[in-house]
Amino acid sequence: MLHSRQEIQELKLRYQQTLANQLVTAVLILDDNLNICYLNPAAEALLIKSMYKLYGNPADLIFANTSINETRLRQLLSTGQEFTDSDIIIEFSENHRFTAEITASAVEFDRIPHVLLEFKQIDQQKQISLEVFQQQQWIAARDLIKGLAHEIKNPLGGLRGAAQLLNKELTQEQQEYTAMIIEQADRLTNLVDRLLGPNQLPEIQRHNIHSVLEKVNQVVSFSNDQSIELQRDYDPSIPSVECDQEKIQQAVLNIVNNAIQAISKDNTITLKTRIASNKTINGQRVKLAAQISIIDDGPGIPNSIQDTLFYPMVSGRSNGTGLGLSIAQTLVNQHHGKLSCHSRPGHTEFIILLPLEQ
Ligand SMILES: Nc1ncnc2c1ncn2[C@@H]1O[C@H](COP(=O)(O)OP(=O)(O)OP(=O)(O)O)[C@@H](O)[C@H]1O
Ligand SMILES: [Mg+2]
């Protein structure tokens, strides 16, 4: 049976429409003003928003702070030169961030150039194995340093003791030298103790996570001379958490102190709490967790140390020992939780996940 050109055209369109709806790849189309004009169901699922919600909104709503910016999209519309960017982090809605590879190309629709964006979500399994790998690396680095610190600690005690004994035999003038030995030995002991990290097992009790955080807030308000005040954004419905209050305070304090050191006067630090569901912690699925975020709008973590941030002795500050985050990591691990971070200029967020009892 012969079909007219018109019929084939219609048939083709119908197939194409159905195809776009069946595709596993998430597809988004922008009009020539870079406003969203179509999402296929896969994209609706990926972004957890329906087309009704997103239609007509600017693309920037989704791609803010990524390399998919207006200049490049306009260039694509005018030249037709397609591009693919990998490792784009989409932080479109709260508590839902994902990494994707995005291909942008130009398509014509009703004779008007449009932008077609295809999302390929980076395999979650890959992300999890990367996390597990980094965790193992962190354990290896920490153990190495712990071993070293342990070896230094013993002779250091002997050295200090000997200097103290010697002190008694010396004239006042000579005692200056032993005082110097003792002072420096104490300084080293202090460092070595921090290198060894927290050595007591946590005393687990039920605590309201917000009273734990309010303690941190109190300490910060007393101790910093720039009178930085922490903003709070708490979810009061979080049930009590089984934790060692002092240890969690210490972990949060180490993170907050870093933020205080990094930001300037007009920046802010926010403590945020939420309930998180279906998270992976060290490769294992956790149904419910309390999520504490420490967010600042400062300059962000230098790129050069982002991958090794939690390793001991990694610091971006000239006078930093690089132990604060490694210690925070140990403390959170003692609670079977997870400490992670994502940072770009203007937004640095450390996230502590503490599993909640089912
Ligand atoms: N909120 C932040 N903004 C910018 N940079 C940060 C932030 N938090 C951490 N950093 C960077 O991460 C580095 C490591 O932090 P960490 O607390 O482990 O060590 P430190 O602060 O250098 O030394 P220590 O805490 O032992 O005194 C810091 O030196 C800093 O460069
Ligand atoms: Mg620090």
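The values are calculated or read from the model by the stated rules, or taken from the named source; none is laboratory data. Note that this is a predicted model, so its numbers are computed, not measured. Methodologically, a virtual Cβ is constructed for each residue, glycine included, from the backbone with ideal geometry; neighbour enumeration extends over all protein chains shown. Side chains are part of the model used for accessible areas, which takes the heavy atoms of the whole protein and leaves out ligands, DNA and RNA. Shrake-Rupley method; radii C 1.70, N 1.55, O 1.52, S 1.80 Å.
Can you give the convex hull volume of the alpha carbon atoms of segment 126-196 per residue, in Å³? Mind showing how you got there, number by number?
Values: hull volume 4.3 nm³, N = 71.
Per-residue hull volume (Cα only) is 61 Å³.
Straight-line cross-link reach from Lys265 at under 16 Å between alpha-carbon atoms covers these aspartates and glutamates, not counting any fewer than eight positions away in the same chain: Asp225, Glu229, Asp296, Asp297. Can you give the percent of C-alpha pairs in segment 230-358 whose distance is more than 22 Å? I get 34 percent for the Cα pairs in segment 230-358 exceeding 22 Å. Peptide packing: for 16-25, 240-249, the average count of neighbouring Cβ atoms within 10 Å per residue gives the ranking 240-249, 16-25, highest mean first. When you restrict to C-alpha pairs under 8 Å that are six or more residues apart and normalise by the size of segment 126-196, the relative contact order lands at 43 percent.
Centre-to-centre, using Cα atoms only, segment 197-265 and segment 45-76 are separated by 36 Å. Mind checking which of Leu34, Leu11, Leu159 is farthest towards the positive end of the chain's charge dipole, using Cβ charges of +1 (Lys, Arg) and -1 (Asp, Glu) about the Cα centre? The Cα lying farthest towards the positive end belongs to Leu11. The Cα-based radius of gyration of segment 5-122, divided by its Kirkwood radius, gives an Rg/Rh of 0.97. Only Lys, Arg, Asp and Glu carry charge here, each on its Cβ (+1 for the first two, -1 for the last two); on that basis the chain has a dipole of about 600 debye about its Cα centre. Multiplying the residue separation of Asn65 and Glu203 by 0.36 nm and subtracting their alpha-carbon distance yields 45.5 nm. Charged side chains reduced to their Cβ positions (Lys and Arg at +1, Asp and Glu at -1) give segment 5-122 a dipole of some 220 debye around its Cα centre. Note that segment 3-11 has calculated 3J(HN,Hα) couplings of 10, 6, 4, 4, 5, 4, 4, 5, 4 Hz, one per residue in order, obtained from phi through the Karplus relation 6.51 cos²θ - 1.76 cosθ + 1.60 (θ = phi - 60°); glycine and proline are x. Helices in the chain, meaning DSSP H runs of at least 4 residues, each add -39500 (n - 2.57). Divided by all residues, the mean residue ellipticity at 222 nm is -14500 deg cm²/dmol.
Per-peptide packing, taken as the mean over residues of other Cβ atoms within 10 Å, places 207-213, 69-75 in the sequence 207-213, 69-75 from highest down.
The mean accessible area for residues of the chain, using a 1.4 Å probe and ignoring ligands and nucleic acids, is 60 Å² per residue.
Legend: distances between Cα atoms for Lys126/Lys247; Lys126/Lys338; Lys53/Lys287; pairs beyond 20 Å are Lys126/Lys247; Lys53/Lys287.
Dipole of the chain computed with +1 at Lys/Arg Cβ and -1 at Asp/Glu Cβ about the Cα centre; of Ile204, Ile102, Gln261, farthest Cα towards the positive end is Ile204. Only Cα pairs under 8 Å and 6+ residues apart enter the sum, and on that basis the relative contact order of segment 205-355 stands at 22 percent. Remark: segment 332-345, residue by residue, has Karplus-estimated 3J(HN,Hα) of 5, 4, 4, 9, 6, x, 9, 10, 9, 8, 9, 8, 9, x Hz, where x stands for each Gly or Pro and the curve is 6.51 cos²θ - 1.76 cosθ + 1.60 at θ = phi - 60°.
Among the trypsin sites (Lys or Arg not before Pro) found in segment 88-126, those both in a DSSP coil and sparsely packed, with 12 or fewer other Cβ atoms within 10 Å of their Cβ, are Arg111. Surface composition of segment 92-185: carbon and sulfur atoms hold 54% of the protein heavy-atom accessible area at a 1.4 Å probe. Using only Cα coordinates, the Kirkwood hydrodynamic radius of the chain works out to 24.3 Å. Local charge for His207 was computed over the other residues whose Cβ lies under 12 Å away, with Lys and Arg +1 and Asp and Glu -1, and equals -2. Here the contact order of the chain, divided by its residue count and restricted to Cα pairs under 8 Å and six or more residues apart, works out to 11 percent.
Along the charge dipole of the chain, which of Leu288, Ser340, Leu170 sits closest to the positive end, that is, farthest toward it, with unit charges on the beta carbon of Lys, Arg, Asp and Glu (+1, +1, -1, -1)? So the residue furthest toward the plus end is Leu288.
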